[in-house]
């Protein structure tokens with residue numbers, strides 16, 4: 001049975017209420033694909049039955065499972081590599097020049113999914129900076145408890161390490177663990193993972209020197225985009241750097257950012273006095 | 001762009017060649033390292049060689065070493081595509097002169113991601 005309009009609308013409202021993510025009409029296929037494994041796990045034959053059963057008797061575990069299934073996204077190492085090149089070529093030298101030798105740099109991978117972005121940043125810094133672990137801390141957050149646990153574990157399947165992780169970095173920063181690959185201890189120590197809903201008031205964190213908030217804003221409506229950018233800015237150092245996804249911008253959303261071109265990438269920096 | 005696909009499994013050669021052709025590559029195939037060298041000796045020098053490890057006659061590692069000892073083939077990028085998945089084996093292949101390493105089983109996206117890293121994604125295939 002295909003997803004009914006009532007079930008789809010209920011899921012849309014739930015996801016919007018819990019995460020502020022907007023599921024446009026026409027995304028029924030996405031709901032079906034993402035929820036089918038959970039429906040089967042619950043012993044039900046299709047997604048409609050599953051949604052109806054949760055709708056009639058909502059439980060926190062089931063609603064969380066639905067929101068998580070619809071808010072986690074595919075990720076790969078060095079995804080859209082230019083913002084990583086910008087980090088080592090421009091941002092890191094600028095920050096090292098501006099900060100004292102004992103000041104720790106703080107980097108935030110917001111909506112970190114299973115941790116590839118946070119560990120990619122960590123690998124680059126380890127390769128570029130002596131004693132990176134004592135100079136830099138990386139905060140990785142995601143709305144999904146499962147993704148946060150995966151990031152903390154730092155274990156990746158063979159298929160996952162095949163997705164854009166350069167082989168020289170694999171052998172330098174990972175160890176084999178059964179059929180999986182595990183992030184080496186010194187790299188894992190750089191990354192702290194926690195749950196965080198970007199659409200709600202943020203926990204006390206930072207102040208961050210660099211924020212990677214990529215391919216996140218595209219899922220939100222304009223008022224939520226504005227609120228997220230305001231909250232992120234509040235957690236950043238005044239001379240910090242924000243990286244968005246290639247298809248995202250602050251232009252027309254929030255005028256308190258200055259867009260700067262860094263190599264083949266764009267970064268956004270807080271405008272003074274705004 | 002040109003790619004040479006070396007694998008003793010005809011099915012695997014077809015899969016890898018199919019992915020590369022879908023990205024705009026012109027491909028040739030060889031069943032082991034020696035056959036691969038024979039192709040190169042005809043003067044057909046590819047931008048990329050995708051090479052299995054375990055093959056009869058000449059294995060992938062021997063092929064990599066032979067190519068790396070020939071200055072005329074210096075510009076050729078070599079990517080191992082193999083089920084050998086131990087840390088030490090990847091280190092050996094890189095030390096011998098392979099640039100990248102894809103472990104079987106893999107998806108078409110994995111090949112594409114690696115080519116993007118190597119700057120070997122034909123322009124029309126870049127999204």
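The values are calculated or read from the model by the stated rules, or taken from the named source; none is laboratory data. Nothing here was measured: the structure is a model prediction, and the numbers come from that model. Positions of Cβ are backbone-derived with ideal geometry, glycine not excepted, and every protein chain shown enters the neighbour counts.
Here are some notes:
- Residue-level analysis places residue B:19 outside the set of residues that are at pLDDT below 95, within 13 Å of the chain's Cα centre (by Cα), at negative phi and at the interface with chain A (Cβ under 10 Å from one of its Cβ atoms).
- Of all residues in the stretch A:184-209 being surrounded by 19 or more Cβ atoms within 10 Å (Cβ to Cβ) and farther than 26 Å from residue A:219 by Cβ, the one that is nearest to the other protein chains (Cβ to nearest Cβ): A:187
- Qualifying residue in the stretch A:104-118 (condition: part of a helix (DSSP H, G or I), within 21 Å of the chain's Cα centre (by Cα) and within 14 Å of chain B (Cβ to nearest Cβ)): yes
- Within the stretch A:141-183, the set of residues being away from every other protein chain (no Cβ under 14 Å) and part of a loop (DSSP other than H, G, I, E, B) comprises A:143, A:144, A:154.
- Residue in the stretch B:67-79 that is over 25 Å from residue A:176 (Cα atoms), without any contact (Cβ under 8 Å) to a residue 40 or more places away in the chain and either under 11 Å from the mean Cα position of the chain (by Cα) or within 13 Å of chain A (Cβ to nearest Cβ) (or both) present: yes
Each row is one residue, and each column tells you yes or no for (1) surrounded by 15 or more Cβ atoms within 10 Å (Cβ to Cβ); (2) at pLDDT below 85; (3) under 18 Å from residue A:198 (Cα atoms); (4) outside the structural domain of residue A:163 (by TED's automatic domain parsing).
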| site | (1), (2), (3), (4) |
| --- | --- |
| A:90 | yes, no, no, no |
| A:94 | no, no, no, no |
| A:107 | yes, no, yes, no |
| A:114 | yes, no, yes, no |
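- Test: residue in the stretch B:93-115 that is more than 7 Å from every other protein chain (Cβ to nearest Cβ), part of a strand (DSSP E or B) and modelled with pLDDT of 95 or more: no
- If you go through the stretch A:71-86 and pick out every residue that is away from chain B (no Cβ under 11 Å) and modelled with pLDDT under 80, you end up with 4.
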